[in-house]
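Please read the structure below before turning to the comments.
The values are calculated or read from the model by the stated rules, or taken from the named source; none is laboratory data. Just so you know, these numbers come straight off a predicted model, no measurement behind them. Heads up, the Cβs are rebuilt from the backbone with ideal geometry, glycines too, and the neighbour counts pull from every protein chain shown. Accessible surface areas use protein heavy atoms only, side chains included; no ligands, DNA or RNA. Shrake-Rupley method; radii C 1.70, N 1.55, O 1.52, S 1.80 Å.
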Amino acid sequence: MKIEIWSDFVCPFCYIGKRRLEEALESLPGDAEVDIQYKSFELDPDAKTETTPVMHEKLAKKYNQSLEQTKEMTSSMEEQAKAVGLDFRFDQMIPANTFEAHRIAKFAEDQGKSHAVTERFLSAALTEGKNIGDSETVYNLAVEAGLPAGEVERILNGDDYEESVREEEREAYQLGVQGVPFFVINRKYAVSGAQPKETFEDALKQVWEEERGTPAFTSLNSQQGSTCSEDGCD
């Protein structure tokens, strides 16, 4: 089974969805072989990396609401995160441009360390308040995750993997992806949003047991999943 996941490192529901999928994968038979591939998606390609934790202020401005209203809105995501063992702190999150991080993630894929680097970047951006848009921070996180320091530095100073990131973003557009996380299973089925673990379990079971299917995507959502788009998280 092949699962492709379009996501962004500053997307709260991408991290929650990742955890729920991981929990659901435990329901598959022990001999199940699952190949998970992470795909690039920038929620805001034109984003400017901030230098201080101003996520609440930025969201308040975006939605034209007070800081208190914004904090109430994000508290729901924090509770959902806690349910899967994650500690989101929106008061510490730093808005950032994630393009450089996605380039390094593509390099990590070639090095067989995609899972480790993806997890490290998500954790850094969403639970540790690290500036994922800062090249030095990306470098340190990548090396922590096991990537060779010299190669990471060379890539950050050049343009390697730029086209790889852009190609995956174009592919997302062609598939009709409007928000992330977006999961594609065996290039036949799609699950959008951070669905409940049970939805993932049902989807995985259906795909695992099915011998034939149509070439087009079949939606396996049980309900409207939570996603993040250019307009925000919902």
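Annotations for the structure displayed:
- Complete set of residues in region 1-25 that are assigned to a helix (DSSP H, G or I) and either among the aromatic types (F, W, Y) or more than 17 Å from A124 (Cβ to Cβ) (or both): F13, Y15, G17, R20, L21, E22, E23, A24, L25
- Qualifying positions in region 26-57 - in a loop (DSSP other than H, G, I, E, B) and among the aromatic types (F, W, Y): F41
- Unique residue being under 16 Å from T98 (Cα atoms), touching a residue at least 60 places away in the same chain (Cβ under 8 Å) and open to solvent by less than 10 Å² (accessible area, probe 1.4 Å) when the list is V184, V180: V180
- Pair list, Cβ under 8 Å, 6 or more apart: region 149-163 residue over 15 Å from T137 (Cα atoms), other residue exposed (fewer than 15 other Cβ atoms within 10 Å of the Cβ) and not small (G, A, S): D160/R154
- Unmet criterion (only one of (1) open to solvent by less than 20 Å² (accessible area, probe 1.4 Å); (2) more than 20 Å from T199 (Cα to Cα)) for T51: (1)
- Any hit, region 137-159, residues being at pLDDT 95 or above, open to solvent by less than 70 Å² (accessible area, probe 1.4 Å), over 25 Å from L21 (Cβ atoms) and in a loop (DSSP other than H, G, I, E, B): yes
- Within region 59-77, considering residues that are out of contact with any strand residue (DSSP E or B) (no Cβ under 9 Å at 6 or more places or on another chain) and within 17 Å of F13 (Cβ to Cβ), the one surrounded by the most Cβ atoms within 10 Å (Cβ to Cβ): T70
- Any hit, region 178-189, residues being in a helix (DSSP H, G or I) and either at pLDDT below 95 or over 30 Å from S27 (Cβ atoms) (or both): no
- Within region 38-58, being within 29 Å of L21 (Cα to Cα) and either within 18 Å of the chain's Cα centre (by Cα) or among the hydrophobic types (A, V, I, L, M, F, W, C) (or both) holds for Y38, K39, S40, F41, E42, L43, D44, P45, A47, M55.
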